[in-house]
Every structure is written in C-alpha cells, then in structure tokens.
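Chemist: There's a structure below that I have some questions on.
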Amino acid sequence: HPQQAPRALLGPSPEACLVERLAAGAMHRFEEICDSIGNLLPSLLGPGFTAERFLRAWMLVLTRAFELGGTRATLVPCADSFNHRFGDGACAHVRWDAHTSSMVIEATRYIA
C-alpha cells in the first residue's frame, strides 16, 4: 500500500532503516532546493517540482550510480544494464582503478 511508511512495508529488516535514511536525506535536499532556488526564482522549479517526483528521481539516481574512488558517485549510461543477476550469474564486475583514476568494467563471462 503506497501510503504505508517504509518500515511497515520492509520491516523487520535492515533495509527499512536504510530506506528511511535515504528518504530523509532526499527530503532534506528537496527542502534546501525549494528554500534557496524556489524563493529566488519560483518559476525555475515550476509546479511539477514536487517532493514525490524529487524522491523518485533521487532514488533512481542512487540505485544506478557507481561510487568512484570513494569520493563521489556518477551515472554511467547503460552500465546499470550489465548486471541483472548477482553472484555466479553476474556478467560484469565494476572496480575503481586508483592508478589510472578510472572506473573499470570487466566481463566475468562471455557476453553475446
């Protein structure tokens, strides 16, 4: 049910706490954006800039972003499509190469 709190949907599990923290962080950022940009240039955000849309967009980015060198996260087009299986079924491994300061995606099996 969409109106239930994350803990009611996921609990008891560690994921419930994680979802609550992620959502709280996203809502904090949403409020900061509204307070700063919304007060200066209300037309820039427009009526479609809602907490629900922002949370969905924020979670979309968080679930598809790769951490780079432990300092920041980035989106890599199509990279989130490489692994839709975990463990032995994974077809790619992502790692940070500190020597070249680059993200490396290596195939773990033949991919046709």
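The values are calculated or read from the model by the stated rules, or taken from the named source; none is laboratory data. Just so it is clear, the model here is predicted, and its values are computed rather than measured. Counting neighbours? That spans all protein chains shown, and the Cβs are built from the backbone with ideal geometry, glycine included. Surface areas here come from the heavy atoms of the whole protein model, side chains and all, with no ligands, DNA or RNA. Shrake-Rupley method; radii C 1.70, N 1.55, O 1.52, S 1.80 Å.
Chemist: Just to be sure, is ALA16 aliphatic (A, V, I, L, M), at pLDDT below 75 and farther than 18 Å from LEU62 by Cα? Break it down into steps so the answer makes sense when it comes.
Modeler: Details: aliphatic (A, V, I, L, M): yes; at pLDDT below 75: yes; farther than 18 Å from LEU62 by Cα: no.
For ALA16, the condition - aliphatic (A, V, I, L, M), at pLDDT below 75 and farther than 18 Å from LEU62 by Cα - is not met.
Chemist: Considering THR63, THR74, which residue is at pLDDT 70 or above and out of contact with any Phe, Trp or Tyr (no Cβ under 8 Å at 6 or more places or on another chain)? Spell out how you get there, then give the answer.
Modeler: Details: THR74 fails: out of contact with any Phe, Trp or Tyr (no Cβ under 8 Å at 6 or more places or on another chain).
When all the criteria are applied, what remains is THR63.
Chemist: Within the stretch 36-62, count every residue that is open to solvent by less than 100 Å² (accessible area, probe 1.4 Å) and in a helix (DSSP H, G or I).
Modeler: 14
Chemist: Can I ask one more? Among the residues of the stretch 77-105, which ones are in a loop (DSSP other than H, G, I, E, B), at pLDDT below 80, of a type outside the set (Gly, Ala, Ser) and on the phi < 0 side of the Ramachandran plot?
Modeler: Of the residues in the stretch 77-105, the ones in a loop (DSSP other than H, G, I, E, B) are 77-78, 82-86, 90-91, 98-101.
Then drop every residue that is not at pLDDT below 80, which leaves 77-78, 82-86, 90-91.
The next check asks that each one be of a type outside the set (Gly, Ala, Ser); those that pass are 77-78, 82-86, 91.
Result: PRO77, PHE82, ASN83, HIS84, ARG85, PHE86, CYS91.
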